[in-house]
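Here is the structure we will look at, set down as structure tokens.
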Amino acid sequence: MAEIPKEEYLEKCTTACAGCTSSLSLRYVLKAAGPDTVLVVPACCTSILQGIYPNTAFNIPVYNIAFAAAAACASGMSEAFASMGKKTNVIVYAGDGGTVDIGIQALSGALERGTDFLYICYDNEAYGNTGMQRSGATPMGARTTTTPGGKTDAKKDLDRIVAAHNIPYQATATPAYPKDLYEKVKTALATPGPSFIHILAPCPPGWRIASDMSVTVGKLAVKTGSWVLWERKYGELGISSPSKGAMKKRAPLRDYLSLQGRFKGISDSTVNELEQAIEKNLAQLAKEEAGEC
């Protein structure tokens with residue numbers, strides 16, 4: 001952790017919930033990016049936690065944009081900076097609702113065009129800013145305000161959708177492993193063209209966990225294989241060390257689910273389906289890393 005700068009670009013006066021890992025993630029993202037950065041934020045928790053006008057918790061410029069338009073806005077912004085000879089970092093910081101669902105069309109277009117930017121999806125697996133409604137990123141079995149009996153559909157595979165665009169750099173992360181997150185942001189910003197980082201961001205009120213347990217839950221997501229840390233550089237996949245260890249001996253999935261009130265009452269059959277999905281995903285990633293697919 002010694003190499004992570006002490007400079008802060010996200011101040012303490014945010015209006016985030018206690019234990020918020022999306023704001024914790026952003027803290028490390030901005031440390032990696034530095035002051036010559038513009039943040040594009042669609043409607044999401046981050047558009048609220050900035051503070052109350054005329055004050056702000058951010059020490060960099062922030063452009064708040066409509067739910068569906070973040071990637072399109074960033075495309076124009078990136079081109080504008082390039083036309084002026086500037087190398088300012090353009091970073092979209094969007095939730096899963098504004099990425100997996102509402103913003104996916106603009107994201108796909110920006111990736112196809114080869115926009116020189118970094119798109120980050122911080123994934124709390126629901127529409128957190130408006131009361132934790134189900135999103136395409138909500139996992140099967142999770143209770144939300146719109147799936148009170150537990151979601152019956154699988155989580156949308158955003159990472160493989162993005163991978164289909166063959167972009168130069170793509171990665172997954174979680175603030176439970178801050179050095180891994182920091183280094184991946186640095187790599188993404190140093191890679192010309194579009195980059196994408198998908199961050200798992202446990203949400204204490206939405207996931208019904210204690211505010212001091214969000215990092216613990218993030219680590220358990222990795223240790224159980226529910227969230228796999230990896231990076232793909234110019235098409236070559238490398239699995240990050242915390243997940244390599246988990247793949248050798250996974251922690252029981254129930255350890256992860258039992259800490260979260262959103263999975264209260266989950267059936268054994270749903271847990272088995274989640275287990276099978278984890279095993280399938282791990283096997284596919286292992287084959288890809290070995291060059292077998």
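Annotations
- Environment charge of Val228, counting only residues whose C-beta is closer than 14 Å and scoring Lys/Arg +1, Asp/Glu -1: +3
- Extension gain (nm, one decimal) between Ala18 and Gln133, 0.36 nm per residue minus Cα-Cα: 39.4 nm
- Beta bridges by DSSP in segment 140-293, antiparallel share as percent, to the nearest 5: 60
- Between Ala82 and Asp212, the simple label model (points 7 Å from Cα in the Cβ direction) yields a spacing of 4.9 nm.
- Residues of segment 168-293: accessible area per residue with a 1.4 Å probe, Å²: 44
- Candidate aspartates and glutamates - alpha carbon under 19 Å from Lys151, same-chain residues fewer than 8 apart omitted: Asp96, Asp101, Asp123, Glu125, Asp268, Glu273, Glu275
- Estimated distance in nm for a label pair at Asn166 and Gln276, the labels positioned 7 Å out from Cα along Cα-to-Cβ: 3.4
- Straight-distance candidates among the lysines for linking to Lys6, with alpha-carbon spacing under 21 Å and chain neighbours fewer than 8 residues away dropped: Lys31, Lys179, Lys184, Lys186.
- Highest average first, the peptides 169-180, 79-90 ordered by how many other beta carbon atoms sit within 10 Å of their residues are 169-180, 79-90.
- Residue by residue, segment 251-260 carries 3J(HN,Hα) couplings of 6, x, 4, 4, 4, 6, 5, 5, 7, 10 Hz when phi is fed to the Karplus relation 6.51 cos²θ - 1.76 cosθ + 1.60 (θ = phi - 60°); x denotes Gly or Pro.
- Extension gain for Tyr234 to Lys6 (0.36 nm times residue separation, less C-alpha to C-alpha distance): 79.0 nm.
- The distance between label points at Ala66 and Ser241 comes to 4.6 nm (points 7 Å beyond Cα on the Cα→Cβ vector).
- Highest to lowest packing among 45-58, 220-233, scored as the average C-beta count within 10 Å: 220-233, 45-58
- Within the accessible area of the chain (1.4 Å probe), percent carbon and sulfur: 54
- Segment Asp36..Gln105, full-extension length gain: 22.1 nm, with 0.36 nm per residue of separation and the alpha-carbon distance subtracted.
The values are calculated or read from the model by the stated rules, or taken from the named source; none is laboratory data. These figures come from a predicted structure and were not determined experimentally. We place every Cβ from the backbone using ideal geometry, glycine too, and count neighbours over all the protein chains shown. Heavy atoms of the whole protein, side chains included, go into the accessibility calculation; ligands, DNA and RNA do not. Shrake-Rupley method; radii C 1.70, N 1.55, O 1.52, S 1.80 Å.
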